[in-house]
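Here the structure is laid out as structure tokens; the discussion comes afterwards.
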There are 2 protein chains.
Amino acid sequence: MVKQLSERLDATFAALADPTRRGMLATLAHGEATVSDLAAPYEMSLAAASKHVKKLENAGLVSREVKGRTHICRLDATVLREAHEWTERYQKFWAGRLDALEAALKTASLEKKLENLDNE
Amino acid sequence: MVKQLSERLDATFAALADPTRRGMLATLAHGEATVSDLAAPYEMSLAAASKHVKKLENAGLVSREVKGRTHICRLDATVLREAHEWTERYQKFWAGRLDALEAALKTASLEKKLENLDNE
DNA sequence: TCAATTGTCAACCATTTGGTTAAATATAAA
DNA sequence: TTTATATTTAACCAAATGGTTGACAATTGA
């Protein structure tokens, strides 16, 4: 059952809305890590950390390979890319507004110049 | 009271993790809108929509100007830019750009240092 | 075989979230 | 002034979240 984009964004943004989970992703940016590795920096129980990893996995941000009794986790940035693209649209919108502002200012100064020309 | 980057990311990502709120931002990308305007596309009560707007505002994604009995809302992409930059670091990692990965790790450790400084 | 390690699962708890309805507030219009 | 409009607030509810502890399963090492 493949989730729709909107639902994937829900899960991705929700997964990112927690400093522990963002920290785990930062750890994974260095390379693969076990659940214990990911849990190590935090004071919470392993069970709690395990839930965070599961949430990252459910969002599709992390993939897991069970190897013996350890679970090897890796960063999977596919859904993260969707989140990045979502925010990018609004960034571009904002940049566009700023461009429009620049354009407005340019037009204003151009008008002034034209007026000055008329006065010459 | 200015929030730390980490807390701003918490609030921003949490605000984005809901389709109603993302829809409201999409509406605001067309231009300013009142709370009623933002609520219109949804079946929920105005009170419920009002809470969503408040959450967007608290995250800093939306600014509000009270004008008579209406509240005019506008998109404020400042914190969105932070979220965009955060996802960008990991998205670049996924794209296999090792130089970007280095930069991401540097930024991450710098971020930690800055936050540690703030905590002292 | 027995003990330690890795991790999940179940049950529980407090807090947050996202919704409701009803009442309150403030402004605008008649 | 009275009424209608725009919005928030309060009280409430069910479900989700983020944590705990304790038991369990699987694997590894002694």
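The values are calculated or read from the model by the stated rules, or taken from the named source; none is laboratory data. Everything numeric here is computed off the predicted structure, so don't read it as measured data. Virtual Cβ from ideal backbone geometry, glycine too; neighbours counted across all protein chains shown. Heavy atoms of the whole protein, side chains included, go into the accessibility calculation; ligands, DNA and RNA do not. Shrake-Rupley method; radii C 1.70, N 1.55, O 1.52, S 1.80 Å.
Among the GluC sites (Glu not before Pro) in the range B:29-74, those placed in a DSSP loop whose Cβ has at most 15 other Cβ atoms within 10 Å are B:32, B:43. In this structure, the pairs whose alpha-carbon distance is over 26 Å, taken from A:3/A:51; A:51/B:51; A:54/B:54; A:92/B:67; B:54/B:92; B:3/B:51, are A:51/B:51; A:54/B:54; A:92/B:67; B:54/B:92. Across the copies of the chain, residue B:51 has label points (7 Å from Cα along Cα→Cβ) spaced 2.1 nm apart, shortest distance listed first.
Between the amide H of residue B:34 and those of B:73, distances stay under 5 Å, these residues lying 5 or more places away or on another chain, with hydrogens modeled in the peptide plane. Annotation for residue B:31, label-to-label distances across the other copies: 5.6 nm (shortest first, one decimal, point 7 Å from Cα along Cα→Cβ).
Among the protein heavy atoms, those of residue A:54 account for about 120 Å² of accessible surface (1.4 Å probe, every chain in place). For the range A:7-50, a crude dipole built from +1 on the beta carbon of Lys and Arg and -1 on the beta carbon of Asp and Glu, taken about the Cα centre, is about 60 debye to the nearest 20. Ligands, DNA and RNA left out, the 1.4 Å accessible surface of the range B:5-78 is 51% carbon and sulfur atoms. With all pairs of separate Cα atoms included, the range B:5-78 yields a Kirkwood hydrodynamic radius of 12.2 Å.
Can you put B:44, A:24 in order of accessible area, largest first, using a 1.4 Å probe?
Values: B:44 65, A:24 0 Å².
Sorted descending by solvent-accessible area, the residues read B:44, A:24.
Residues A:84, B:71 ordered from highest to lowest accessible area at a 1.4 Å probe: B:71, A:84.
If you sort A:37, B:76 by accessible surface, 1.4 Å probe, largest first, the order is A:37, B:76. Remark: the range B:46-53, residue by residue, has Karplus-estimated 3J(HN,Hα) of 5, 4, 5, 4, 4, 5, 4, 4 Hz, where x stands for each Gly or Pro and the curve is 6.51 cos²θ - 1.76 cosθ + 1.60 at θ = phi - 60°.
Take the Cβ atoms of residue B:67 and residue A:3, set R0 to 45 Å, and the FRET efficiency comes out at 0.65. Note that the range B:29-43 has calculated 3J(HN,Hα) couplings of 5, 7, x, 4, 8, 7, 4, 4, 4, 5, 6, 3, x, 10, 7 Hz, one per residue in order, obtained from phi through the Karplus relation 6.51 cos²θ - 1.76 cosθ + 1.60 (θ = phi - 60°); glycine and proline are x. Leaving ligands and nucleic acids aside, the B/A contact buries around 2800 square angstrom of accessible area in total at a 1.4 Å probe radius.
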